[in-house]
1. Could you list, ordered by first residue, the pairs with Cβ atoms under 7 Å in which the first is in the range 126-144 and of a type in the set (Ser, Thr, Tyr) and the second is surrounded by 12 or more Cβ atoms within 10 Å (Cβ to Cβ) and part of a loop (DSSP other than H, G, I, E, B), at least 6 apart or interchain?
2. Scan the range 159-176 for residues that are among the charged types (D, E, K, R) and either part of a loop (DSSP other than H, G, I, E, B) or loosely packed, with under 11 Cβ neighbours inside 10 Å (or both) and report the count.
3. Among the candidates Tyr170, Tyr174, single out the residue that is more than 25 Å from Trp83 (Cα to Cα), out of contact with any Ser or Thr (no Cβ under 6 Å at 6 or more places or on another chain) and of a type in the set (Phe, Trp, Tyr).
4. Mind listing just one residue for me: the one in the range 140-158 that is aliphatic (A, V, I, L, M) and over 19 Å from Glu49 (Cα atoms) and, of those, surrounded by the fewest Cβ atoms within 10 Å (Cβ to Cβ)?
5. Name every residue in the range 115-133 that is of a type in the set (A, V, I, L, M, F, W, C) and at pLDDT 75 or above, in order of residue number.
6. Picking from Phe95, Phe90, which residue would you name as being among the aromatic types (Phe, Trp, Tyr), under 22 Å from His150 (Cα atoms), under 13 Å from the mean Cα position of the chain (by Cα) and at pLDDT 95 or above?
Amino acid sequence: MEKVEHDKVLQDENGKMQFDFSKALSVFEPHTLASMYSEYLSDVDFVVEDERKLICLEYKNANIKNADNPQAFQKKIEEEPFWKRVARKFYGTMFLVWACNKNQADKPVQYVLLMETNLGMDEALKKRLIAKLLTHLPFSYRMRREICRHVIDEFLFVDLEGWKAKYPQYPISYIETGQETCF
């Protein structure tokens, strides 16, 4: 039987979802540090280090039971300020990653936006949303000689099924009263 490291089994900020990162080398939750200077810093939900990369994971879900106003969330994701805030979370997180001496091996950095909505996203909408965010992320630094560390190497926009396919080693489950439903 495989040992589960409970300090690597975490919940989202609403206590609705459980993320099992017990197979990761480390997991960092930058929220407490970011909230000290919340006027300047935003943060992703989890920073997961595995053997090959550092995954900055931002989780958004308006598709859960009893979600507060999912229609408002759907409208919000079409607007530019939402994507600027999502990008800002990456910048604040990377500042904290470096300040806390994380990613010492300078592994490639992947930003993953895991988003669930009942929007019914087709590929065209998904591409439009990705294009909006890509304009705000620092991919241009990869071309600069004076930048000596990995800043961002890849961005992924996935739903729960996409996460399950790409990261089966990190299962996510709904937390329901007394029971969990796994993906």
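1. Tyr141/Ile147; Tyr141/Val151
2. 3
3. Being more than 25 Å from Trp83 (Cα to Cα), out of contact with any Ser or Thr (no Cβ under 6 Å at 6 or more places or on another chain) and of a type in the set (Phe, Trp, Tyr) holds for just one of Tyr170, Tyr174, which is Tyr170.
4. Initially, the range 140-158 is screened for residues aliphatic (A, V, I, L, M), giving 143, 147, 151-152, 156, 158.
Those still in the list that are over 19 Å from Glu49 (Cα atoms) too: 143, 147.
Working: Met143: 7, Ile147: 12.
Across the range 140-158, the extreme among qualifying residues is Met143.
5. Answer for the range 115-133, where residues must be of a type in the set (A, V, I, L, M, F, W, C) and at pLDDT 75 or above: Met115, Ala124, Leu125, Leu129, Ile130, Ala131, Leu133.
6. Phe90
The values are calculated or read from the model by the stated rules, or taken from the named source; none is laboratory data. What you are looking at is a predicted structure, and each value in this text was computed from that prediction instead of being measured. Using ideal geometry, Cβ is built from the backbone for each residue, glycine included, and neighbour counts are taken over all protein chains shown.
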